[in-house]
Each structure stands twice: as C-alpha cells, then as structure tokens.
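Student: Input: one structure, supplied below.
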Amino acid sequence: MTILIIIATAIISFMGFKSPQMISKWVFSPYLVKHNNELSRYISHMFIHADLSHLLFNMISLFMFGTMIEGELYTHFGESNGLIHFFILYFVGGLFSTLWPYIRNQENPNYLSLGASGAVSAIVFAGIMWNPTMKMGLIFLPIMIPAYIFGPLYLAFEFWMFKKQKTNIAHDAHIGGAVFGVLYVLLINADKGKEFLHSIMP
C-alpha cells in the first residue's frame, strides 16, 4: 500500500506541476468546500504538491515510516486487517488534518493548501507510538534521538511555527495529522500508550 500511494502521488503530482488548472481543481480550499460543496478537495489535495522538493520530502518520509508501520500492522492484525488499519491511518489521517484548517478558514477564499503532509504526519506519529525507542532525525540535520523525544519536540516546533504564522506551510495540518496518528494507535492497541509512557518514565 505504501509503495502504491507513493507511485500514485508522484504521477499525479508531476501532472499537476504541468497544469495549474489541475492544481486549482484539486487544492484544498475550505471556502469552496463550504460554499460550493466541493467535498472531493478533502482527499484530492493529498495527491498534489507545490514542487519537487515538497513531493520528495513527503514521499521519502512516507516510505521510511509507511513501510515500517505497514509491516507492524500486518504482523499484529494480519494482512487484510492490517491493510485496513493502514488505509485508515493514511487517508482518514489526511482528512482529519484538514478539520482545523477548515474551521479556521471556511470564510477565507484566499486560503489554499496542498500536499500529503497531514496524512504523512499521521503515519509518522503512528510509527512513533508503535516504536517509541527507535532513533529519528531530520534529513537535513542527521542527529539521531529516540522517537519519544523527537515526537514531542517536533510537535512543539510545529505549534510554535503555527503561532508565528509567517510561512506558507500548513503547520496546523501537520499537528492534526500527528494527533490522529497517536489517537488511532491508542484506539487499536492501548498497550502502545503504556509502552510510550514507560519509555519516558522507565
């Protein structure tokens, strides 16, 4: 599933790079969702990206964490149920990540967002909850620290950047996706919450 999502997203994103009209039809616009009932934008924006670096960052992150959490879900729940859980994590996580931006911007016709960042954030934080002691780092800053430390630090940074509101990055969507990833793992395997707490307070 991870590989299929990456291939589909890459193909559609490259199509979007060549077609501004396609981007305008697929981008997430809370205003158009509300006033024109264009509900498909809740999902379509996850398959398009602003540029190649945006696409690469999201797809590399998805490959690294998606393959890991997908394998864990298959092992724990079986292939069929594991696939369902992964599907929910990614697509419902991406949908959940739009709720806060929608509430804040439903009357703002100038707000637009695109990319799989919210869905990828759900996958990354599901991975953090599932394996809190694994080592994590940023691509451009390869300093590896335990996931149970990286996760809270990353969320604090995202919240700080969101409050500053000086970039075009949808930090609120990243936070929403992360919250969904954590909550969903706790829903399907509450023991992972205990393991996470044990990692922090052994």
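The values are calculated or read from the model by the stated rules, or taken from the named source; none is laboratory data. Source: prediction; values computed, not measured. Using ideal geometry, Cβ is built from the backbone for each residue, glycine included, and neighbour counts are taken over all protein chains shown.
Student: In the stretch 2-12, is there at least one residue being surrounded by 15 or more Cβ atoms within 10 Å (Cβ to Cβ), under 17 Å from the mean Cα position of the chain (by Cα), modelled with pLDDT of 95 or more and more than 26 Å from MET136 (Cα to Cα)?
Tutor: No, there is no match, as no residue in the stretch 2-12 is surrounded by 15 or more Cβ atoms within 10 Å (Cβ to Cβ), under 17 Å from the mean Cα position of the chain (by Cα), modelled with pLDDT of 95 or more and more than 26 Å from MET136 (Cα to Cα).
Student: If you take the residues in the stretch 60-110 that are aromatic (Phe, Trp, Tyr) and touching a Gly at 6+ places or on another chain (Cβ under 6 Å), which one is farthest from SER40 (Cα to Cα)?
Tutor: TYR74
Student: Test each condition in (1) surrounded by fewer than 24 Cβ atoms within 10 Å (Cβ to Cβ); (2) closer than 28 Å to MET22 by Cβ; (3) modelled with pLDDT under 95 for SER80 and report the one that comes out false.
Tutor: All conditions pass for SER80, except number (2).
Student: Quick one: how many residues across the stretch 66-84 are in a helix (DSSP H, G or I) and over 17 Å from ILE3 (Cβ atoms)?
Tutor: The number of residues fulfilling the criteria is 6.
Student: Another one. So for the stretch 88-96 (the condition being out of contact with any strand residue (DSSP E or B) (no Cβ under 7 Å at 6 or more places or on another chain), part of a helix (DSSP H, G or I), without any contact (Cβ under 8 Å) to a residue 40 or more places away in the chain and surrounded by 12 or more Cβ atoms within 10 Å (Cβ to Cβ)), does at least one residue qualify? Before you say what the answer is, go through the steps one by one.
Tutor: Looking only at the stretch 88-96, we keep the residues that are out of contact with any strand residue (DSSP E or B) (no Cβ under 7 Å at 6 or more places or on another chain), and these are 88-96.
Imposing the further condition that a residue be part of a helix (DSSP H, G or I) reduces the set to 88-96.
Applying the additional criterion that residues be without any contact (Cβ under 8 Å) to a residue 40 or more places away in the chain yields none.
Scanning the stretch 88-96, I find no residue that is out of contact with any strand residue (DSSP E or B) (no Cβ under 7 Å at 6 or more places or on another chain), part of a helix (DSSP H, G or I), without any contact (Cβ under 8 Å) to a residue 40 or more places away in the chain and surrounded by 12 or more Cβ atoms within 10 Å (Cβ to Cβ), so the answer is no.
Student: Related question: For the stretch 1-25, what are the residues that are in a loop (DSSP other than H, G, I, E, B) and touching a Phe, Trp or Tyr at 6+ places or on another chain (Cβ under 6 Å)?
Tutor: The one that is in a loop (DSSP other than H, G, I, E, B) and touching a Phe, Trp or Tyr at 6+ places or on another chain (Cβ under 6 Å): MET1.
Student: When you scan the stretch 114-135, do you find a residue that is surrounded by fewer than 16 Cβ atoms within 10 Å (Cβ to Cβ) and of a type in the set (A, V, I, L, M), even just one?
Tutor: Looking for residues that are surrounded by fewer than 16 Cβ atoms within 10 Å (Cβ to Cβ) and of a type in the set (A, V, I, L, M), one finds at least one in the stretch 114-135, hence yes.
Student: Can you tell me which residue is farthest from the chain's Cα centre (by Cα) among those in the stretch 26-62 that are assigned to a helix (DSSP H, G or I) and surrounded by fewer than 16 Cβ atoms within 10 Å (Cβ to Cβ)? Write out each step before concluding.
Tutor: Keep residues of the stretch 26-62 that are assigned to a helix (DSSP H, G or I), which gives 26, 30-35, 41-47, 52-62.
Going one step further and asking which of them are surrounded by fewer than 16 Cβ atoms within 10 Å (Cβ to Cβ), we end up with 34-35, 43, 52-53, 56, 60.
Numbers: LYS34: 23, HIS35: 26, ILE43: 12, LEU52: 18, SER53: 16, LEU56: 14, ILE60: 12 Å.
The selected residue is HIS35.
Student: Please find, among ILE88, ILE6, ILE11, ILE60, the residue that is under 16 Å from GLY177 (Cβ atoms) and hydrophobic (A, V, I, L, M, F, W, C).
Tutor: Details: ILE6 fails: under 16 Å from GLY177 (Cβ atoms); ILE11 fails: under 16 Å from GLY177 (Cβ atoms); ILE60 fails: under 16 Å from GLY177 (Cβ atoms).
Answer to the check: ILE88.
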